[in-house]
1. Take segment 149-171 and flag every residue that is free of Cβ contacts under 8 Å to residues at least 24 places away in the same chain and more than 21 Å from E182 (Cβ to Cβ).
2. Go through I101, I77 for me and flag whichever is surrounded by fewer than 19 Cβ atoms within 10 Å (Cβ to Cβ) and either in a strand (DSSP E or B) or of a type in the set (F, W, Y) (or both).
3. Within segment 170-218, work out how many residues are of a type in the set (S, T, Y), in a loop (DSSP other than H, G, I, E, B) and within 20 Å of S73 (Cα to Cα).
4. Against the definition (within 20 Å of A117 (Cα to Cα) and modelled with pLDDT under 85), how does S73 come out, yes or no?
5. E156 - would you say it is assigned to a strand (DSSP E or B) and either out of contact with any Cys (no Cβ under 7 Å at 6 or more places or on another chain) or modelled with pLDDT of 90 or more (or both)?
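The values are calculated or read from the model by the stated rules, or taken from the named source; none is laboratory data. Small disclaimer: the values here were computed from a predicted structure and weren't measured. Heads up, the Cβs are rebuilt from the backbone with ideal geometry, glycines too, and the neighbour counts pull from every protein chain shown.
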Amino acid sequence: MYTIGVIDLSESQGEVSEYINNLCKKHFKAVMIGESDIADAQGHTDIFLIKDDKATQNISKICELIIEIRNSSDALIWVCQKSHDKVSRLVYLQLGVDGNIDESCPPEELELVLLNAMKRKNKDIEDEPQKVDVPKDKKMFEMNEANMSVLIEGKEIELTKREFCMIHLLSSNPKTAFSYEEIYQSVWNEAYNNQKYKVANVIFRLREKIEKNTEKPIYIRTVRSRGYMLDV
């Protein structure tokens, strides 16, 4: 049986409980998790379900929760809202959620979706090789400020201005973690107001460009409860 950690941001607690109870009949058990209890729940939670009925009003809060979970856990993450607009769906996916659903999804359907996702995840773990080969020329990491690009394994990769500014900052002190606040203030050149999701979004795009496997990055590392570092 799999454990679903439900983070409930909605105002209608009773409806959420009924929905979750209908979902957790056979393969899942639900545990309600407060926002301050996420760290303690990560070791024994298979799926995090962020539930909200305020449509687009809680985008920033949901982004922060996704980042907190994803930075320290490989559990599946699903966002269930009353409705999703196109922008929020894309933002959540870029930050690492496994899927978006709305309240029209019957519990029976969601149960099958989550069960299939867990089966695939477990199979991937079983098939996963024990050793991850790191390129011998990993340390051959070069930056070209004139072209706003990086050279990795002999290949030049073009970056946007913001992507280049971010990786330039990380490369200024390799193997040292920079906080979200430090990165944001340097790259955006403005005061930080807990915009973790903006930093994570650029990191996501950078990894898409420079990492062979974004699920197991070897260059841009996530440092739990801190931020990111460049491992070169």
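1. Hits for segment 149-171 are S149, L151, E153, G154, K155, E156, E158.
2. Values: I77 fails: surrounded by fewer than 19 Cβ atoms within 10 Å (Cβ to Cβ).
Sole residue among the options that is surrounded by fewer than 19 Cβ atoms within 10 Å (Cβ to Cβ) and either in a strand (DSSP E or B) or of a type in the set (F, W, Y) (or both): I101.
3. The first filter runs over segment 170-218 and keeps only residues of a type in the set (S, T, Y), leaving 171-172, 176, 179-180, 184, 186, 192, 197, 214.
Those left that are additionally in a loop (DSSP other than H, G, I, E, B): 172, 176, 192, 214.
Checking the rest, the ones that are also within 20 Å of S73 (Cα to Cα) come to 214.
Within segment 170-218, residues that are of a type in the set (S, T, Y), in a loop (DSSP other than H, G, I, E, B) and within 20 Å of S73 (Cα to Cα) number 1.
4. Numbers: within 20 Å of A117 (Cα to Cα): yes; modelled with pLDDT under 85: yes.
The answer is yes for S73.
5. Considered against the rule, which asks whether it is assigned to a strand (DSSP E or B) and either out of contact with any Cys (no Cβ under 7 Å at 6 or more places or on another chain) or modelled with pLDDT of 90 or more (or both), E156 comes out as yes.
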